[in-house]
Amino acid sequence: MSNRYIEAFVEDKIGVIQLNRPEVLNALNRQMVDEIVEKLEQYDESEDVRVIMIKGSDRAFAAGADIEEMMNETPLTMELADPFAVWDRITLINKPIIASVNGVALGGGFELALHCDLIVAGESSKFGFPEVQLGVMPGAGGTQLLTKAIGERKALEWIWLGEQMEAHEALKLGAINRVIADELVFEESFRLAKQLANQAPISLRLIKESVKAAKDMTLTDGMKLERKNFYLTFASEDQKEGMKAFTEKRSPSFKGV
Ligand code: CO8
């Protein structure tokens, strides 16, 4: 599939996806979501990529689902096409994903950011779920991911009111990771991505699996998974390299095997 609504490039082992539909503030139509998911999967498999970044434009990370595309749907057309099911594939990506947010991240745009592992945002960026004002509700994981991130009370208040929230407020609630001067967001996200790209890739992958599992597992099962994943790291050359480098008082060089 050739990409119409995104641009993509790899630099320093960082796979970047740039949402590119600025005339409608990166409103997410179905093809655009397909393109994003396919590129995420390509990066996840690529040996040239260790960390993935998703960015938008200065005005918008993404202003939500494409309202024009959606407005004439019926329950049956949606049930048959099941357009949001493709989002489940994002939860299967093993590599770290960083959302680099300038401008608005609303509705499906906020959901896309919440599907990322880390969110770095500009100081004037805004987050929210305006769906309630359209007579609908979040549909690509918003009620679940936001609630897991900030708890039921705050999530209900935010989604019920449908209001945009300032980045600093979102940071205080724990919905996002970092707030940066607007003009430095991409640079700082990229720096963070490079920091992660220097870590042992297998450790990053198993840490992601273990931390994500905490949402669904009992403590006992989660502890068991963590233990097994810890043991598994000892199958990697990077474990030998990491510990050897420590004893030799030098920086490790990790290969991802
Ligand atoms: N869909 C389609 N077009 C959009 C969208 C959108 N979500 N957002 C903005 N646009 C278009 C506008 O229609 C406008 O087009 P035109 O120039 O042709 O009139 C252009 O982008 C610029 O927008 P504005 O003129 O409105 O710019 P403002 O700076 O005045 O306002 C806002 C910016 C506040 C972001 C405003 O555009 C807005 O409120 N947008 C809609 C936000 C919204 O309601 N989002 C939720 C959509 S529903 C949803 O996301 C459901 C999620 C379900 C799962 C996700 C699946 C992908």
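The values are calculated or read from the model by the stated rules, or taken from the named source; none is laboratory data. Keep in mind that what you see is a predicted model, and the values were worked out from it rather than measured. Please note: Cβ atoms are built from the backbone with ideal geometry, for glycine as well, and neighbour counts cover all protein chains shown. Keep in mind that these areas ignore ligands, DNA and RNA; they rest on the heavy atoms of the full protein, side chains included. Shrake-Rupley method; radii C 1.70, N 1.55, O 1.52, S 1.80 Å.
Overview of values
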quantity	calculated
Residues that are touching a residue at least 12 places away in the same chain (Cβ under 8 Å), more than 8 Å from the ligand (Cβ to nearest atom) and surrounded by fewer than 20 Cβ atoms within 10 Å (Cβ to Cβ), drawn from the range 142-170	THR143, LYS148, ALA149, ILE150, LYS154, TRP160, LEU161, GLY162, GLU163, GLU166, HIS168
The range 17-53: number of residues that are part of a loop (DSSP other than H, G, I, E, B) and among the charged types (D, E, K, R)	4
Helices (runs of 4 or more DSSP H) contained in the range 141-196 and holding at least 1 residues under 30 Å from LYS13 (Cβ atoms) and small (Gly, Ala, Ser)	142-150, 167-173
Meets criteria (over 18 Å from SER100 (Cα atoms) and without any contact (Cβ under 8 Å) to a residue 40 or more places away in the chain) for LYS208	no
Hits in the range 34-51 (condition: within 17 Å of LEU118 (Cβ to Cβ) and either open to solvent by 50 Å² or more (accessible area, probe 1.4 Å) or free of Cβ contacts under 8 Å to residues at least 60 places away in the same chain (or both))	LEU40, TYR43, ASP44, VAL49
Residue within the range 187-204 that is among the basic types (Lys, Arg) and closer than 22 Å to PHE61 by Cβ present	yes
Subset of the range 10-33 (residues that are under 13 Å from SER57 (Cβ atoms), open to solvent by 10 Å² or more (accessible area, probe 1.4 Å) and away from the ligand (no atom under 11 Å from the Cβ))	GLN18, ASN20
